[in-house]
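Let me begin by presenting the structure, written as structure tokens, before commenting on it.
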Amino acid sequence: MFNALIASAMFAGVAWCSAEPAVPKKTDSIFATFELVQSLQADQQSEAVFAFDDPQRLHWMFLPGTRAGLPLRDMTSAQREKLQALLRTVLSARGMQDLEGIYAMEVALQEAAKRRGREDPTRDPDQYEFAVFGQCGDDPWAWHFEGHHLSLNFTHIDNDVSVTPLFIGVAPFEIPDGPHKGMRVLGDESDAGFSLLGSLDEEQRARAIISDRVPGDVHTVPGREDRLATTEGIPLRELDESQQDLTMNILREYAGILQGELAEAELERIEDAGIEHVHFAWAGSTSPEQGHYFRLHGPTFILEYDCIGGNTDHVHMVWHDPKRNFGEDPLAKHRQQHHARPPATD
């Protein structure tokens with residue numbers, strides 16, 4: 001069954017994770033976005049292009065349903081290729097593969113509903129929307145690509161790119177059949193979390209485990225991004241060097257969803273703020289076969305991984321930078337520098 005589903009997880013016959021000829025640069029997104037927008041007809045542009053200050057720019061969600069933007073179903077094959085080219089400017093080859101897995105598994109949910117003898121309109125592999133806010137290349141500007149189990153948000157300000165909130169989810173967690181049998185979206189990231197947990201001694205583990213129950217979802221869902229105001233768990237300053245390295249492995253796995261330049265910038269901000277200030281927290285089972293949750297929380301970021309409702313076959317991951325979500329701090333600095341009123345003169 002999944003052989004056909006993976007074949008369906010292509011954009012009009014174009015593989016999501018086709019070879020990348022070169023490492024993309026931040027500026028490549030400008031040209032890729034411009035080419036995509038220019039390819040749209042007037043009615044398509046009316047769906048896809050918004051003013052930068054449109055409140056929908058600050059709205060993100062990962063549930064099935066419609067949101068601001070032009071859906072895949074209304075794009076031509078050539079336009080889908082241009083969207084894929086844009087995504088490759090911000091995602092690594094592994095990030096593109098994760099998108100392929102998300103899309104294939106959305107098809108799986110749709111097919112499963114059909115086998116049960118009913119249509120499920122909430123499981124629609126063409127209900128992923130692209131939107132641009134502002135004029136690409138004219139600071140500030142932003143774009144998003146969203147759908148079920150996916151929220152990618154990129155805000156461009158003064159040659160700086162904010163990449164959060166970033167959400168990836170998956171169900172089922174692992175493809176059971178076909179040529180991609182065993183493929184796991186977020187699988188390496190999960191393994192890295194268990195490696196760190198396994199390195200803790202009894203006393204450290206007691207500090208890290210904050211609950212024996214798995215949260216019903218990640219805490220920092222849309223509208224509740226500031227819910228985790230304080231850190232919990234064990235601070236990395238109490239771990240040895242090898243355990244801190246394992247922590248950085250987790251962060252590298254997650255940042256590695258992004259292309260090199262963007263990933264390096266995120267990791268650099270975390271390291272500059274002090275890795276010793278990061279806290280590692282765990283909840284639920286310590287076995288991957290049972291429901292579990294973990295997070296890393298530092299001065300500049302919150303990373304959550306949760307098996308929803310304890311279901312190991314349904315996973316949500318979210319990455320926030322509370323001061324940079326939707327470019328908040330860079331935007332404030334930009335407006336102060338470029339749009340502040342000059343001081344009054346006599």
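Taking a cut-off of 35 Å, what percent of all Cα-Cα pairs in the chain are separated by more than that?
Values: 13849 of 59685 pairs.
Roughly 23 percent, rounded to a whole number.
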Between region 115-161 and region 256-292, the alpha-carbon center distance in angstrom: 23
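Taking neighbour Cβ counts within 10 Å as the exposure measure, how do PHE194, PHE50, PHE62 sort from fewest upward?
Values: PHE194 16, PHE50 19, PHE62 22.
With the sparsest Cβ surroundings first, the list reads PHE194, PHE50, PHE62.
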Label-point separation in nm, GLU276 to ASP226, each point 7 Å along Cα→Cβ: 3.0
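In debye, nearest 20, what is the charge dipole magnitude of the chain about its Cα centre with +1 on Lys and Arg Cβ and -1 on Asp and Glu Cβ, if you could check? Kindly include the intermediate steps, with their values, before the conclusion.
Numbers: 30 positive and 56 negative charges, 165 e Å.
Roughly 800 debye for the chain.
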Relative exposure of VAL163, VAL278, judged by other C-beta atoms within 10 Å (fewest first): VAL163, VAL278
For region 186-191, 3J(HN,Hα) per residue [Karplus equation, 6.51 cos²θ - 1.76 cosθ + 1.60, θ = phi - 60°, Hz, x = Gly/Pro]: 6, x, 5, 5, 5, 4
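Would you mind ranking THR300, THR33, THR230 so that the residue whose beta carbon has the fewest other beta carbons within 10 Å leads the list?
Details: THR300 18, THR33 25, THR230 6.
Ascending Cβ contact count within 10 Å gives the list THR230, THR300, THR33.
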Cα-based equivalent ellipsoid, region 187-331: semi-axes from gyration tensor eigenvalues, Å: 22, 18, 15
Candidates ARG324, ARG118, ARG57: whichever shows maximal mean-square fluctuation once the chain is modelled as a Gaussian network with Cα springs under 10 Å: ARG118
Cα-based radius of gyration of region 35-149 once divided by 2.2 N^0.38 Å, which approximates compact folds: 1.12
Charge dipole (debye, nearest 20) of region 24-93; +1 at Cβ of Lys and Arg, -1 at Cβ of Asp and Glu: 300
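Taken together, the values in this text are just the output of simple stated rules run on the coordinates, not laboratory data. Note that this is a predicted model, so its numbers are computed, not measured. For neighbour counting, all protein chains shown are included, and Cβ atoms are generated from backbone atoms with ideal geometry for every residue, glycine included.
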